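The structure appears right after this line, and notes come after that.
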Amino acid sequence: QVQLVESGGGLVQPGGSLRLSCAASGTFFSIAAMGWYRQAPGKQRELVAAITSGGSTNYADSVKDRFTISRDSAENMVYLQMNSLKPEDTAVYYCNAGIRKLFGSRRTDYWGQGTQVTVSS
């Protein structure tokens, strides 16, 4: 059973910072790309940031220069450092990982349960 568990969400004032963490656990062969998505009320889920197994990163335009994604492949962890937070960053943030359970098997997307981030004064 593969699980992704997020932590680090909460309430923060505009201009503040939060750091999200996501841990992948279970039995699997490898993790390819990992990423963070978010979904605000009444909106579709959108990509926030992603990082490949080689360390290449990709960000949504709305978070560039404010958010930083990183990963610890040895610990199967991915992080999202969020600075200069704005009210429009309020959403449920989901961790995503592309995981191969066995050598040569196809990659399957796994999702965490989500963590709420609220930016408000």
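Bear in mind that the values in this text are calculations on the coordinates, not laboratory data. Note that the structure is a prediction, hence the values are computed from the model and not measured. Here the Cβ is made from the backbone with ideal geometry for all residues, glycine too, and neighbour counts use every protein chain on show.
Measuring nothing but how far apart in sequence close Cα pairs (under 8 Å, 6+ apart) lie, relative to its length, the chain scores a relative contact order of 36 percent.
Remark on Arg66: its backbone amide H falls under 5 Å from none of the residues 5 or more positions apart or on other chains, H modelled at 1.01 Å from N. In terms of packing, defined here as the mean over residues of other Cβ atoms within 10 angstrom, the peptides 89-101, 38-50 line up highest first as 89-101, 38-50. Listed values for the range 96-105 are Karplus-derived 3J(HN,Hα) couplings in whole Hz (6.51 cos²θ - 1.76 cosθ + 1.60, θ = phi - 60°), namely 9, 8, x, 10, 9, 6, 10, 4, x, 6, and x replaces Gly and Pro.
Annotation: lysines with alpha-carbon distance below 19 angstrom to Lys43 (same-chain offsets under eight excluded): Lys86. Put simply, the range 10-55 fits an ellipsoid with semi-axes of 25, 15, 12 Å; these come from the alpha carbon gyration tensor as the roots of five times its eigenvalues, largest first. Taking the chain as a Gaussian network of alpha-carbon nodes connected by springs under 10 Å, the highest mean-square fluctuation of the residues Ser70, Ser21, Ser56 belongs to Ser56. State the answer as a single residue: which of Ser53, Gln39, Pro87 lies farthest towards the positive end of the charge dipole of the chain, with beta carbon charges of +1 for Lys and Arg and -1 for Asp and Glu, about the Cα centre. Towards the positive end, the residue furthest out is Ser53. Magnitude of the charge dipole for the chain, about its Cα centre and with charges confined to Cβ atoms of Lys, Arg (+1) and Asp, Glu (-1), is about 280 debye. Projecting label points 7 angstrom from Cα along Cα→Cβ for Gln81 and Thr108 puts them 3.4 nm apart.
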